[in-house]
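J.: This is the structure I want to talk about, given as structure tokens.
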Amino acid sequence: MTAAEDFYTFCRTVEARSQEHRQAMDIALERGWWAIAGSVLRMELDSMIRVIYLLYNPDVRDRILASCVTGKGFTDDRGRIPDRKMIDVATGDKGWVDAVYRFGNRFVHLTDAHDYAEVDPFQSYEHKDEVIKYLNQYHGGKLSGQPLDDSSTLRDIAAYAPHVLNKITRNLDINIERLRDEVSPLNEGLV
């Protein structure tokens with residue numbers, strides 16, 4: 001494939017994945033699948049951090065895209081690009097990115113958080129204050145009731161999941177458009 005074809009394939013894939021995440025979130029919340037809801041947030045964030053990484057690394061963008069669309073993941077000349085490196089680029093002044101990533105990892109990976117039917121994992125989460133701060137800051141007032149506090153449960157947090165997903169998706173959409181604006185003039189006439 002050409003660089004332009006790789007780029008368009010990547011964008012199409014990211015957008016299809018995002019659409020699937022919105023549908024999965026609705027089902028997960030309807031059925032009380034809190035781990036699935038957390039995983040969906042983390043996967044949408046994964047797309048966003050990758051798009052932002054591509055924006056900030058135009059010198060290796062074509063190689064990363066070629067690697068990604070051929071199933072080899074996000075790699076450059078030195079090998080696989082660690083998530084931590086991409087998160088650091090994507091976080092910038094947006095601390096919520098790291099907070100969602102860390103909390104979402106608890107549901108992507110098998111942890112004590114999957115025992116939520118018996119023990120509320122949010123009560124013992126070491127970064128609970130950070131999650132509460134960002135949810136109140138960005139989504140306070142979107143749900144009826146009091147702001148979140150130390151007594152909030154995973155169920156309380158899960159009620160914010162659609163709002164968090166919308167925020168991530170909006171940021172993803174903005175950044176993919178920025179990427180298109182950067183790449184499209186370079187690829188005119190190549191597809």
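J.: Run the dipole for the chain about the Cα centre, Lys and Arg Cβ at +1, Asp and Glu Cβ at -1, nothing else charged, and hand back the magnitude in debye, nearest 20.
T.: 180
J.: Going by C-beta contacts inside 10 Å, put Met48, Met25, Met1 in order with the fewest on the left.
T.: The fewest-first ordering by Cβ neighbours comes to Met1, Met25, Met48.
J.: If you don't mind, another one. Find which of Phe122, Phe7, Gly38 sits farthest along the positive direction of the dipole of the chain, computed with +1 on the beta-carbon of Lys and Arg, -1 on that of Asp and Glu, about the Cα centre.
T.: Going by the charge dipole, the pick is Phe7.
J.: Please find, in a Gaussian network model of the chain (springs between Cα atoms separated by less than 10 Å), the residue of Asp93, Asp156, Asp120 whose mean-square fluctuation is greatest.
T.: Looking only at Asp93, Asp156, Asp120, the largest GNM fluctuation is found for Asp93.
J.: What are the trypsin sites (Lys or Arg not before Pro) within segment 1-101 that DSSP puts in a loop, where the Cβ has at most 10 other Cβ atoms within 10 Å?
T.: Arg78
J.: Just grab the label-to-label distance for Asp26 and Asp149, each label 7 Å out from Cα along the Cβ direction, in nm (one decimal).
T.: Result: 3.6 nm between the two label points.
J.: Something else about it: State the label only: which of [x] 0.93; [y] 1.01; [z] 1.49 corresponds to Rg/Rh (Cα atoms, Kirkwood Rh) computed from the shown model?
T.: The listed entry that was calculated here is [y].
J.: While we're looking at this one, here's another question. Between 0 and 90 degrees, rounded to the nearest ten: what's the tilt of helix 95-108 against the longest Cα principal axis of the chain?
T.: That works out to roughly 80 degrees.
J.: Tell me, Asp112, Asp46, Asp26 in order of fewest to most beta-carbon neighbours within 10 Å?
T.: Asp112, Asp26, Asp46
J.: Using only Cα atoms and rounding to the nearest 10 degrees, what angle (0 to 90) does helix 161-187 make with the longest principal axis of the chain?
T.: For 161-187 against the chain, the angle is about 10 degrees.
J.: Here's another thing I want to ask about it. Just from the alpha-carbon atoms, what are the Rg and Dmax of segment 11-77 in angstroms?
T.: My reading of the Cα-based Rg and Dmax gives 14.2, 44 Å.
J.: For the residues Thr70, Thr75, what sequence is obtained by ranking on other C-beta atoms within 10 Å, fewest first?
T.: So the ranking, lowest neighbour count to highest, is Thr70, Thr75.
J.: What Kirkwood hydrodynamic radius do you get for segment 92-191 when you take the inverse of the mean 1/r over all pairs of distinct Cα atoms, in Å?
T.: Every distinct Cα pair counted, the radius reaches 15.6 Å.
J.: Moving on. Give the range of the longest stretch in the chain that excludes all GluC sites (Glu not before Pro) found in loop regions by DSSP and having at most 15 other beta-carbon atoms within 10 Å.
T.: 1-117
J.: Related question: 7 Å from Cα along Cα→Cβ at both Gln123 and Lys94: what's the point-to-point distance in nm?
T.: 3.4
J.: Tell me, how many Å apart are the Cα centres for segment 1-64 and for segment 99-176?
T.: Here the answer is 19 Å between Cα centres.
J.: Normalised by the residues of segment 1-128, what does the relative contact order come to in percent, with Cα pairs under 8 Å and at least six apart?
T.: 26
J.: Another question, if that's okay. Between Ser184 and Asn57, what is 0.36 nm times their sequence separation minus the Cα-Cα distance? Round to one decimal in nm.
T.: 44.1 nm
J.: If you don't mind, another one. Here is the link list: Lys94/Lys142; Lys133/Lys167; Lys94/Lys128. Which ones come out longer than 23 Å on Cα distance?
T.: none
J.: What do you get when you divide the Cα radius of gyration of segment 57-124 by 2.2 N^0.38 Å, with N the number of residues?
T.: After normalising by residue count via 2.2 N^0.38 Å, the value is 1.48.
Values in this text are rule-based calculations from the coordinates and carry no lab data. Values in this document were obtained by computation on a predicted structure and should not be read as measured data. We place every Cβ from the backbone using ideal geometry, glycine too, and count neighbours over all the protein chains shown.
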